[in-house]
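Participant: Got a structure for you, questions after.
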Amino acid sequence: MCNKTDFLKELPKCEHHVHLEGTLSPDLLFTLAKRNNITLPETFPKSPEACETRYDNFADLQDFLNHYYIGMSVLMTEQDFHDLAWAYFLKAKEDGVHHTETFFDPQGHAKEDGVHHTETFFDPQGHVERGIPIETVVRGFHSAGERAKKELGVSTKLIMCLLRHLPSSDGLKTIADADMFFQNGMIHGLGLDSSEVPFPPELFKDCYSLVKEKYPDVGLTAHAGEEADPSYVTNAIDILNVRRIDHGVQSHRDAELIKRLSDEQIMLSVCPLSNVKLQVVKDVSELPIRKFFESGVKFSLNSDDPAYFGGYILDNYLEVEKKIGFTLEEWVIIAKNGVFGSWVPEQRKAEICAAIDAVYEKFSVR
Ligand code: ES4
Ligand code: ZN
């Protein structure tokens, strides 16, 4: 038997959907809470072990987000952000990642923390009086990215997400705060995340138009069709002008949309283990991944919030292999589609594709 596990580990991968704050392990969470003198809310699990148990039982996206926003409240200094991202880049390298485009949520670190805006959130006010400047967040993450390129050969990008449960006027302020980083390329993309329903993409038309006009080289993406219906995907494409969709797994319910994603080569960043942990599906076998592949819809496989969902990128690849299954040749196509959908120069794409071919050669002759 050709060792598929070794093949998938070595297969050069691109990751397009990982929230850096979602890579915060329970151990690091408690270490930083102590170091930074943060009192976690009464309702939060009391130990790393209790976290693991609670994280295994999220009811839905909102239930997860309630923990995620409290988790990120322990991050205070530039060094904290650097350490968090560096630990993820090390793990990504181990999993065979050659290129990663990483999300971060500056509004989740700001003083006007949006966690008070929806009723179901815990209310960490009084615990989260932090007000971390965006410069601290971006500089810490960016220096870790520079280090990853130099020491690990992994290329990295930062995508700033807006929290969709906050008003778009807050998004406009955050975009203004990030001006310098859009100009100098330290922020490479704009995304939209947090509670999906009832906050459809069209609410953020102004934010996306502004970024597209002012910084034409910045990539546009948005979470859509994770829990919400396919109209969220269509509207993200039509109204926000995104060229990539994060999740998008609900798209399979709209045949016209599937054809469009294929025709227009709009890549979906799919997160299989996340979809199981947040009860979008009961099992990875239920995801329309084979259908996407057969319909010509390009997708990448990603970890989303690996510290919360029990697996990094390789775990996601292995689960898809186990529950859906692709041949070596099909895996090569999937890996190259991920390269194609990456926001990197042609030269870098060619390098990663050559590395994919080399791994295929190595494993196909066995
Ligand atoms: C997220 Cl899985 C997911 N969906 C929406 N927003 C998010 N933020 C972090 N993880
Ligand atoms: Zn996500």
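Taken together, the values in this text are just the output of simple stated rules run on the coordinates, not laboratory data. Everything numeric here is computed off the predicted structure, so don't read it as measured data. Please note: Cβ atoms are built from the backbone with ideal geometry, for glycine as well, and neighbour counts cover all protein chains shown.
Participant: Which condition from (1) crowded, with 19+ Cβ neighbours inside 10 Å; (2) part of a helix (DSSP H, G or I); (3) β-branched (Val, Ile, Thr) is the one that THR53 breaks?
Facilitator: (1)
Residue by residue, here is whether (1) among the aliphatic types (A, V, I, L, M); (2) away from ligand 1 (no atom under 14 Å from the Cβ) holds:
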{"position": "ALA59", "(1), (2)": "yes, no"}
{"position": "ILE70", "(1), (2)": "yes, no"}
{"position": "VAL74", "(1), (2)": "yes, yes"}
{"position": "HIS82", "(1), (2)": "no, yes"}
{"position": "ALA85", "(1), (2)": "yes, yes"}
{"position": "LYS91", "(1), (2)": "no, yes"}
{"position": "PHE104", "(1), (2)": "no, no"}
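Participant: When both residues are 6+ apart or on different chains and their Cβ atoms are under 7 Å apart, which pairs have a first residue that lies in the stretch 272-283 and is of a type in the set (Gly, Ala, Ser), and a second that is in a loop (DSSP other than H, G, I, E, B) and within 12 Å of ligand 1 (Cβ to nearest atom)?
Facilitator: SER274/ASP305
Participant: Let me ask something else. Take the stretch 301-330 and flag every residue that is in a helix (DSSP H, G or I) and either without any contact (Cβ under 8 Å) to a residue 40 or more places away in the chain or within 14 Å of ligand 2 (Cβ to nearest atom) (or both).
Facilitator: Residues satisfying the conditions are PRO306, ALA307, TYR308, PHE309, ILE313, ASN316, LYS322, GLU329, GLU330.
Participant: Of all residues in the stretch 1-25, which are away from ligand 1 (no atom under 16 Å from the Cβ) and assigned to a helix (DSSP H, G or I)?
Facilitator: LYS4, THR5, ASP6, PHE7, LEU8, LYS9, GLU10
Participant: Pairs under 7 Å by beta carbon, first residue closer than 25 Å to THR5 by Cβ in the stretch 91-105, partner within 16 Å of ligand 1 (Cβ to nearest atom) and not aromatic (Phe, Trp, Tyr), six or more apart or different chains?
Facilitator: Note: pairs meeting the criteria are ALA92/GLU15; ALA92/THR100; ALA92/ILE313; ASP95/ILE313; VAL97/GLU15; VAL97/ILE313; THR100/GLU15; THR100/VAL18.
Participant: Which of the following residues is assigned to a helix (DSSP H, G or I), in contact with a Lys or Arg (Cβ under 9 Å, 6 or more places away or on another chain) and within 15 Å of ligand 2 (Cβ to nearest atom): PHE58, PHE64?
Facilitator: Residue meeting the stated conditions: PHE64.
Participant: Would you say ILE333 is out of contact with any Phe, Trp or Tyr (no Cβ under 7 Å at 6 or more places or on another chain), buried (at least 17 other Cβ atoms within 10 Å of the Cβ) and either without any contact (Cβ under 8 Å) to a residue 24 or more places away in the chain or not in a loop (DSSP other than H, G, I, E, B) (or both)?
Facilitator: Judged against the criteria, ILE333 is not a match.
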